[in-house]
Amino acid sequence: MEVIIRPNADAAADLVAQIIAQELRANPHIVLGLATGRTMETVYARLVEMHRCAENPLDFSLCRTFNLDEYVGLGPDDPCSYRYYMNHHLFSKVNIDRRNTHLPNGLAADLDAECQRYEDKIRQCNGIDLQLLGIGSAGHIGFNEPLSALRSRTRVKALSPVTLAQNAPLFPDPGKMPRRAITMGVGTILECRRCLVLATGSHKADIVAKAVEGPITAMISATALQLHPRCTVVVDEEAAAKLQGTDYYRWVFENEPEWEPFRTGRES
Ligand code: GLP
């Protein structure tokens with residue numbers, strides 16, 4: 001795992017967008033794993049900006065995407081669904097082929113069959129190259145709530161009280177928030193070739209410290225990322241506030257050649 005600390009939330013999101021852009025330019029057929037949540041909105045806004053850049057537009061025409069999760073019971077036209085979120089923040093604003101964008105179908109009649117179909121589809125695409133991840137307040141990745149098995153696959157998960165409280169404000173009628181979601185499993189996520197995590201804000205400081213430096217536990221699915229051979233965690237100063245090893249993390253980012261192109265800020 002590597003931890004990169006940026007001065008503020010915008011700079012952190014900007015770095016994440018730059019890493020995605022670098023990987024997409026290197027491999028236009030890339031299979032991207034995508035995430036939702038408030039934190040990711042700035043990342044998608046930045047990717048849209050890069051796509052619209054006249055001199056060197058970022059091209060999404062050949063890439064394929066798989067989102068981490070979707071609420072059970074919400075369809076693509078529901079503004080609270082993750083399909084709607086993705087269309088709104090990214091897919092409708094870049095030149096991606098909508099047929100290459102995948103999310104679990106929260107309206108499927110047979111949810112177990114839908115989960116299996118989603119796993120099969122990821123496999124048919126030869127797996128996910130780069131998986132973008134946020135961290136929920138209780139330390140979940142996707143909707144892998146406490147006690148999610150570290151080898152779990154895509155499945156239906158009941159949302160924990162912490163998650164219900166975290167996401168209810170995003171619903172016009174919080175009482176109508178679904179209590180279940182389809183989510184990629186921890187095992188599914190760990191099979192991607194590279195993980196890229198973004199967490200910003202002081203409210204994430206405790207959980208970031210547990211996820212990065214704490215013991216691996218099924219109670220906090222983000223800790224499983226410590227098992228991944230290539231996981232980059234990007235945080236702002238506020239989210240980094242409870243980490244112990246920041247001097248070391250900063251030294252690595254400032255000195256390792258891999259990070260040289262990213263030290264100076266924005267790609268145009
Ligand atoms: C939801 C998503 C997670 C995401 C989390 C963080 O629960 N299922 O994948 O990481 O939100 O949300 P936010 O960025 O709003 O803090």
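Each residue in the range 156-182 was checked for being surrounded by fewer than 16 Cβ atoms within 10 Å (Cβ to Cβ), of a type in the set (D, E, K, R) and touching a strand residue (DSSP E or B) at 6+ places or on another chain (Cβ under 8 Å), and 2 pass. On the stretch given as the range 158-188, residues that are within 19 Å of HIS102 (Cβ to Cβ) and within 10 Å of the ligand (Cβ to nearest atom) total 3. Against the list (1) buried (at least 17 other Cβ atoms within 10 Å of the Cβ); (2) at positive phi, the condition LEU147 fails is (1).
State yes or no: is PHE253 surrounded by 15 or more Cβ atoms within 10 Å (Cβ to Cβ), part of a helix (DSSP H, G or I) and either aliphatic (A, V, I, L, M) or modelled with pLDDT under 95 (or both)? First the steps, then the outcome.
Values: surrounded by 15 or more Cβ atoms within 10 Å (Cβ to Cβ): yes; part of a helix (DSSP H, G or I): yes; either aliphatic (A, V, I, L, M) or modelled with pLDDT under 95 (or both): no.
So PHE253 does not fit the description; no.
From the list ILE141, ILE122, ILE135, the one residue that fits, being buried (at least 20 other Cβ atoms within 10 Å of the Cβ), away from the ligand (no atom under 16 Å from the Cβ) and among the hydrophobic types (A, V, I, L, M, F, W, C), is ILE122.
Considering ARG52, ARG38, which residue is surrounded by fewer than 16 Cβ atoms within 10 Å (Cβ to Cβ), under 26 Å from VAL234 (Cα atoms), charged (D, E, K, R) and within 12 Å of the ligand (Cβ to nearest atom)?
Every option except ARG38 fails the conditions.
The values are calculated or read from the model by the stated rules, or taken from the named source; none is laboratory data. Keep in mind that what you see is a predicted model, and the values were worked out from it rather than measured. Every residue, glycine among them, receives a Cβ derived from its backbone with ideal geometry; neighbour counts consider all protein chains shown.
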